[in-house]
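Engineer: One structure is given below, represented as structure tokens, and several questions about it will come after.
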Amino acid sequence: MHAILSLIILIAVAGLVVWGITTLIPMPPQFKTAIYVVTVVALVLYVLSAFGLWSGFDLARPRRLR
């Protein structure tokens, strides 16, 4: 339950940051679209990694010391 809540908070914070950047900083529409696409792809990969469906992004799971 804690992991899902953390993911929801992460997605909400990322959304607020992207909204703030695209709203407060004047930029061409192409840059805004690029920011949206990069953010969505990064979040999807992070969520897939957090649920163990993609192993190419190991930041979601802490490593155990042996």
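Engineer: Kindly report, to the nearest 10 Å², the accessible surface of Trp54 as traced by a 1.4 Å probe over protein heavy atoms only.
Structural biologist: Number for this one is 90 Å².
Engineer: Assuming R0 = 25 Å, what is the FRET efficiency of Leu5 and Val40, from their Cβ-Cβ distance, to the nearest 0.05?
Structural biologist: For Leu5 and Val40, the calculated efficiency is 0.75.
Engineer: To continue, here is another question. Under a point spin-label approximation (7 Å from Cα along Cα-to-Cβ), what is the Ser55-Phe31 distance to one decimal in nm?
Structural biologist: 4.0 nm
The values are calculated or read from the model by the stated rules, or taken from the named source; none is laboratory data. Keep in mind it's a predicted model, so treat the numbers as computed, not measured. With ideal geometry, Cβ positions are generated from the backbone for all residues, glycine too; neighbour counts draw on all protein chains shown. Note: accessible area is taken over every heavy atom of the protein model, side chains too, but ligands, DNA and RNA are not part of it. Shrake-Rupley method; radii C 1.70, N 1.55, O 1.52, S 1.80 Å.
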